[in-house]
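Have a look at the structure below before the remarks.
What follows is calculated from the coordinates using simple rules that are stated; it is not laboratory data. Since this is a predicted model, take the numbers as computed values, not measurements. Using ideal geometry, Cβ is built from the backbone for each residue, glycine included, and neighbour counts are taken over all protein chains shown.
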Amino acid sequence: MGQAMRIAKYDRAANERNAVTALTMAGQALSWYRLDDGVMGGKSDTQQHVTEDGVLHFDGTINTEGGGFASIRTMLPPGVLPSTRTAAIRLRVLGDGKTYKLFLTDGTAGGPLSRSPSWQADIPTRNDGTWQDVRVPLDSLLPNFGGGVRRNPNEDKANYTFVAEEMNQIGLMLSLKLSNGEPNPKETFGEGIFPFSLRVQSVEPVDEPEENPSNT
């Protein structure tokens, strides 16, 4: 099946209907749906499910032939990110050694032609079977439009302003590109066709900055 046919057959609405409920923010349950490179004719496959203990599983297979990204995302509860208080997003994850990305958007359609960026930060993970507590400061997020080298996210940060209270969607992604637009090295991404696996135990806003923030 050619790329154009794969694009035509990709059913984003069905992905949203098949969302899984897992984790909470501001006391409200989150419903996660998948969006992978099939939307642009790629061949990657994303799966998401929740276990009995409430852990969200973000798994699948990346196929770099004609694509190279997989993601899950959910709408944010209203008012969960008031810009005057929220300093960061904190996650507890169990990874596979790959570098994922956290992203926040205003919920409008993304991609190279979008006028609204996806605000992204890298999440390096370990591959030693241990859970990580990861803190992503909101001021570290970079604007990204996807689709290759249209813009330089570091340079673009001067032209776009992150407004926390305008963000309507949060998600996790594994992609060929890091948040700064540079290639995700094969050591922290993969090459060809390969599996990936990320477990998420919690995701929550952090109201106060922490001293010397870092990923642990």
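With only Cα atoms counted, the chain has Rg and Dmax values of 16.3, 52 Å. Distance between the modelled labels on Met75 and Asp156, one decimal in nanometres: 2.6 nm (7 Å Cα→Cβ projection). Along the Cα→Cβ direction, 7 angstrom out, place labels at Arg115 and Asp133. What is the inter-label distance in nm? That separation, rounded to one decimal, is 4.2 nm. Annotation: peptides 69-82, 42-55, ranked by per-residue average of other Cβ atoms within 10 Å with the highest first, follow the order 69-82, 42-55. Could you derive backbone 3J(HN,Hα) for segment 50-65 from the dihedral phi with the Karplus parameters 6.51, -1.76 and 1.60 (θ = phi - 60°), listing whole Hz in sequence and x where the residue is Gly or Pro? Each residue of segment 50-65 in turn: 10, 8, 4, 8, x, 7, 7, 9, 10, 10, x, 9, 8, 10, 7, 7 Hz.
Output the peptides 89-97, 130-138 sorted from most to least packed, where packing is the average of other Cβ atoms within 10 Å over each peptide's residues. Write out the running numbers ahead of the final one.
Values: 89-97: 19.3, 130-138: 16.0.
For the peptides 89-97, 130-138, the packing ranking is 89-97, 130-138.
Here the 3J(HN,Hα) profile of segment 194-208, calculated from phi with Karplus coefficients 6.51, -1.76 and 1.60 at θ = phi - 60°, is 7, x, 9, 7, 9, 9, 10, 8, 7, 9, 8, x, 10, 7, 10 Hz, Gly and Pro shown as x.
Modelled spin labels at Ala13 and Val163, positioned 7 Å past Cα toward Cβ, are 3.1 nm from each other.
Among Val20, Val163, Val203, the order by Cβ neighbours within 10 angstrom, fewest to most, reads Val163, Val20, Val203.
What is the Rg over Rh value, at two decimals, for segment 1-114, using alpha-carbon atoms and the Kirkwood definition of Rh?
Computed over Cα atoms, the ratio is 0.98.
I want to make sure I understand the PRE zone here: with the label point 7 angstrom from the Cα of Glu65 toward its beta carbon, which residues in segment 1-32 have backbone N atoms less than 12 Å away? Backbone N within reach: 1-3. The residue among Ile72, Thr51, Ala4 whose Cα reaches farthest toward the positive pole of the charge dipole of segment 3-206, with charges on the beta-carbon of Lys, Arg, Asp and Glu, is Ala4. Let me know the charge dipole size of segment 3-206 about its Cα centre in debye, to the nearest 20, where only the beta-carbon of Lys, Arg (+1) and Asp, Glu (-1) is charged. Taking the Cα centre of segment 3-206 as origin, the dipole is about 300 debye.
Our estimate of slack between Phe194 and Ala29, defined as 0.36 nm per intervening residue step minus the Cα-Cα distance, is 56.3 nm.
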